[in-house]
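**Student:** After the structure tokens below, expect a handful of questions from me.
The values are calculated or read from the model by the stated rules, or taken from the named source; none is laboratory data. Everything quoted here is computed from the prediction, not taken from an experiment. Backbone-built Cβ (ideal geometry, glycine too); neighbour counts: all protein chains shown.
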Amino acid sequence: MTQQNKIFEVPLYPYARVADQDAATPARHQVVIVGAGPVGLGAAIDLAQQGVEVVVLDDNDKVSFGSRAVCYAKRPLEILDRLGCGIEMVEKGVEWNLGKVFFDQRQVYEFNLLPEDGHKFPAFINLQQYYFEEYLVHRAEALRASGAPIEMRGKNKVTRVTDAGDRVTIEIGTPEGAYTIEADWLIACDGAGSPIRQAMGLDFVGEVFQDNFLIADVVMDAEFPTERWFWFDPPFNRGQSALLHKQPDNVWRIDFQIGWDIDREKELKPENIDKRLRAMLGEDITYELEWSSIYTFQCRRMEQFHKGRVIFAGDAAHQVSPFGARGANSGLQDTDNLAWKLKLILDGVAPESLLDSYDQERIHGAKENILNSTRSTDFITPKSETSRIFRDAVLDLAENHDFARPFVNSGRLSVPCTYDGSPLNTPDALPGGPARSRPGSPAADLPLGEGFLLDRLGARGAPRFQILAIDADAPATFGAHGLDCEVIALSTTDNALLRDRYLGDAGSAIYLLRPDQHVAARWDTWDETAVAAALARAIGKEH
């Protein structure tokens with residue numbers, strides 16, 4: 001095991017006795033989060049930045065073992081930038097834009113994910129999950145040191161959760177015995193096996209595919225370029241597929257498709273992993289096996305993401321097969337959607353029914369991810385000989401014909417979720433406006449002054465709705481329904497990207513943006529009544 005990667009051996013949030021353990025009656029907290037993985041920590045940081053008191057409970061006291069989630073897309077990086085650690089992620093991570101697809105021993109085509117000009121963050125980075133969690137823990141510690149109401153409790157295992165209607169009672173086991181606390185709301189980010197979900201008798205709907213993949217993270221000096229390589233039916237893994245990715249510290253993620261009827265214990269033996277690696281990389285390769293695991297393709301979700309005062313996020317709420325990088329990326333979009341809504345509910349600005357929109361919007365996102373992930377899985381693992389013949393024909397055609405390449409599916413990569421059909425959206429009222437910035441979509445970034453537009457959107461403090469007035473007259477400020485909206489006046493003079501991404505064929509535009517940087521409504525001119533109505537709709541007061 002490499003010295004630089006022993007981070008997961010060091011307790012980052014060690015157990016310490018707290019006053020709650022000695023309280024005569026259970027202490028009450030605003031929000032308790034179960035699970036200190038990327039999703040739980042992301043939710044905690046988001047809430048703490050908004051002044052919400054949050055306690056994170058985890059039965060561990062250190063970051064995850066192994067790289068686990070490895071690919072992070074542009075939209076989650078933008079969210080993490082608002083949480084205060086996006087730049088660290090990019091500086092440590094391996095940026096990549098180019099992907100190559102191979103069939104047998106030949107390359108059939110390549111694709112470039114490099115986004116258009118004018119974005120702060122790249123299309124994708126690769127970074128081990130233990131680094132990601134370390135950055136989040138340090139960010140949480142920095143917030144606590146500055147007075148933010150956030151607390152992490154390691155070696156605190158939740159043993160029982162009871163929803164009492166107006167609060168949640170949480171029983172916790174520790175090295176020094178059990179204790180009980182209460183919370184206004186509980187967010188379960190306790191992973192795919194979610195003990196909380198199971199204890200509540202809730203389950204997933206969806207599909208488990210009859211196939212398995214072996215993950216091997218190896219440390220080696222290799223001359224492979226920083227690209228995503230995917231093989232269909234390679235000579236070193238006949239009848240199956242394989243994937244190669246580079247991570248920091250010369251760690252390479254290699255995935256081998258190994259079929260359904262396997263002996264897991266046998267497949268995970270180092271000598272058998274070594275046989276696969278040498279068949280792929282050559283007999284002379286020198287490497288160190290850092291971590292290995294086997295996963296099964298699963299595309300499943302809960303039917304509802306919150307029940308009473310218990311809310312589920314990340315893998316606890318939905319699972320997808322890993323091709324396309326939709327796991328942690330979608331989990332961060334869950335918490336980005338949830339935190340501002342929970343803050344408004346706690347402040348009494350929005351009704352508790354606003355949480356219904358969390359279900360609707362994030363189930364929409366989960367369905368989208370499951371659809372794409374299922375299609376990827378069907379292409380990678382054909383269910384019949386006819387399907388395999390079709391797939392192989394597509395791969396053959398893709399080598400020389402552009403029309404066939406969109407049919408090749410080695411994992412459609414994660415894209416931002418647009419909340420089409422959300423009850424929080426106001427019908428589009430910008431004739432000629434670009435489709436990419438329609439209501440429900442995440443705001444498109446672009447250079448603005450010495451920084452970027454998204455640097456000015458989405459507060460680290462209290463939830464803030466913002467109004468963009470683009471080549472349009474609007475008041476300097478606007479308030480309604482207990483909310484004060486910042487108005488940002490922008491001009492498309494000498495800014496072609498602003499025109500392209502927000503005006504299109506329109507002559508002027510007014511945008512109402514949510515605290516999570518999604519578009520709530522847009523018009524061609526200012527109308528105070530319409531803006532006030534859209535704001536009410538966006539906080540769940542009028543549907």
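**Student:** Of the conditions (1) part of a strand (DSSP E or B); (2) more than 23 Å from the chain's Cα centre (by Cα); (3) among the hydrophobic types (A, V, I, L, M, F, W, C), ALA148 satisfies every one except a single condition; which number is it?
**Tutor:** Failing condition for ALA148: (1).
**Student:** Quickly run through the stretch 244-256 and pick out the residues that are in contact (Cβ under 8 Å) with a residue 24 or more places away in the chain, within 18 Å of LYS275 (Cβ to Cβ) and aliphatic (A, V, I, L, M). Walk me through it before giving the result.
**Tutor:** Pass one, the stretch 244-256, residues in contact (Cβ under 8 Å) with a residue 24 or more places away in the chain: 245-256.
Within this subset, residues satisfying the condition of being within 18 Å of LYS275 (Cβ to Cβ) are 252, 254-256.
Once the filter is applied, which keeps residues that are in contact (Cβ under 8 Å) with a residue 24 or more places away in the chain, within 18 Å of LYS275 (Cβ to Cβ) and aliphatic (A, V, I, L, M), the stretch 244-256 yields only ILE254.
**Student:** With free of Cβ contacts under 8 Å to residues at least 60 places away in the same chain, under 23 Å from ASP255 (Cα atoms) and of a type outside the set (D, E, K, R) as the only criterion, which of ASN126, ASN97 stands out? Spell out how you get there, then give the answer.
**Tutor:** Values: ASN126 fails: free of Cβ contacts under 8 Å to residues at least 60 places away in the same chain.
Residue meeting the stated conditions: ASN97.
**Student:** Suppose we keep only residues that are among the polar types (S, T, N, Q) and outside any strand (DSSP E or B) within the stretch 275-312. Which one would you say is farthest from the chain's Cα centre (by Cα)?
**Tutor:** Ranking the qualifying residues of the stretch 275-312, first place goes to THR286.
**Student:** Looking only at residues in the stretch 452-483 that are without any contact (Cβ under 8 Å) to a residue 12 or more places away in the chain and in a strand (DSSP E or B), which one is surrounded by the most Cβ atoms within 10 Å (Cβ to Cβ)?
**Tutor:** Filtering the stretch 452-483 for residues that are without any contact (Cβ under 8 Å) to a residue 12 or more places away in the chain and in a strand (DSSP E or B), the one surrounded by the most Cβ atoms within 10 Å (Cβ to Cβ) comes out as GLY479.
**Student:** Going by what's in this entry, would ILE215 be described as part of a strand (DSSP E or B), assigned by TED's automatic domain parsing to the domain that holds ILE345 and crowded, with 18+ Cβ neighbours inside 10 Å? Step through it out loud before you land on a result.
**Tutor:** Details: part of a strand (DSSP E or B): yes; assigned by TED's automatic domain parsing to the domain that holds ILE345: no; crowded, with 18+ Cβ neighbours inside 10 Å: yes.
Considered against the rule, which asks whether it is part of a strand (DSSP E or B), assigned by TED's automatic domain parsing to the domain that holds ILE345 and crowded, with 18+ Cβ neighbours inside 10 Å, ILE215 comes out as no.
**Student:** Of all residues in the stretch 41-77, count the ones that are crowded, with 24+ Cβ neighbours inside 10 Å and under 17 Å from PRO11 (Cβ atoms).
**Tutor:** Matching residues across the stretch 41-77 total 4.
**Student:** Among the listed residues ILE196, ILE254, identify the single one that is buried (at least 16 other Cβ atoms within 10 Å of the Cβ), in contact with a helix residue (DSSP H, G or I) (Cβ under 9 Å, 6 or more places away or on another chain), not in a strand (DSSP E or B) and not acidic (Asp, Glu).
**Tutor:** Matching residue, one of ILE196, ILE254: ILE196.
**Student:** Here is a check on your reading of the model: is ALA366 over 19 Å from GLY458 (Cα atoms), in contact with a strand residue (DSSP E or B) (Cβ under 9 Å, 6 or more places away or on another chain) and surrounded by 23 or more Cβ atoms within 10 Å (Cβ to Cβ)?
**Tutor:** yes
**Student:** Of the conditions (1) free of Cβ contacts under 8 Å to residues at least 12 places away in the same chain; (2) under 30 Å from PRO235 (Cα atoms); (3) among the charged types (D, E, K, R), GLU116 clears all except one; give me its number.
**Tutor:** (2)
**Student:** Now, a different point. Which residue, of THR159, THR174, is modelled with pLDDT of 95 or more, polar (S, T, N, Q) and in contact with a Lys or Arg (Cβ under 9 Å, 6 or more places away or on another chain)?
**Tutor:** Only one candidate passes the filter, namely THR174.
**Student:** Considering the stretch 94-113 alone, what residues qualify as being surrounded by fewer than 14 Cβ atoms within 10 Å (Cβ to Cβ) and not in a strand (DSSP E or B)?
**Tutor:** If the condition is that a residue be surrounded by fewer than 14 Cβ atoms within 10 Å (Cβ to Cβ) and not in a strand (DSSP E or B), then GLN105 is the only one that fits.
**Student:** If you take the residues in the stretch 428-451 that are assigned to a loop (DSSP other than H, G, I, E, B) and charged (D, E, K, R), which one is surrounded by the most Cβ atoms within 10 Å (Cβ to Cβ)?
**Tutor:** The qualifying residue surrounded by the most Cβ atoms within 10 Å (Cβ to Cβ) is ASP445.
**Student:** Based on what the data block shows, is ARG301 within 14 Å of GLY365 (Cβ to Cβ), basic (Lys, Arg) and surrounded by fewer than 24 Cβ atoms within 10 Å (Cβ to Cβ)?
**Tutor:** So ARG301 passes the test.
**Student:** Let me ask another. Which of the residues spanning the stretch 1-44 are farther than 16 Å from GLU151 by Cβ, among the aliphatic types (A, V, I, L, M) and modelled with pLDDT of 95 or more?
**Tutor:** ALA24, VAL39 - these are the residues of the stretch 1-44 that are farther than 16 Å from GLU151 by Cβ, among the aliphatic types (A, V, I, L, M) and modelled with pLDDT of 95 or more.
**Student:** Take the conditions of a type in the set (Lys, Arg) and at pLDDT below 95 and apply them to ARG501. Does it pass?
**Tutor:** Answer is no for this residue.
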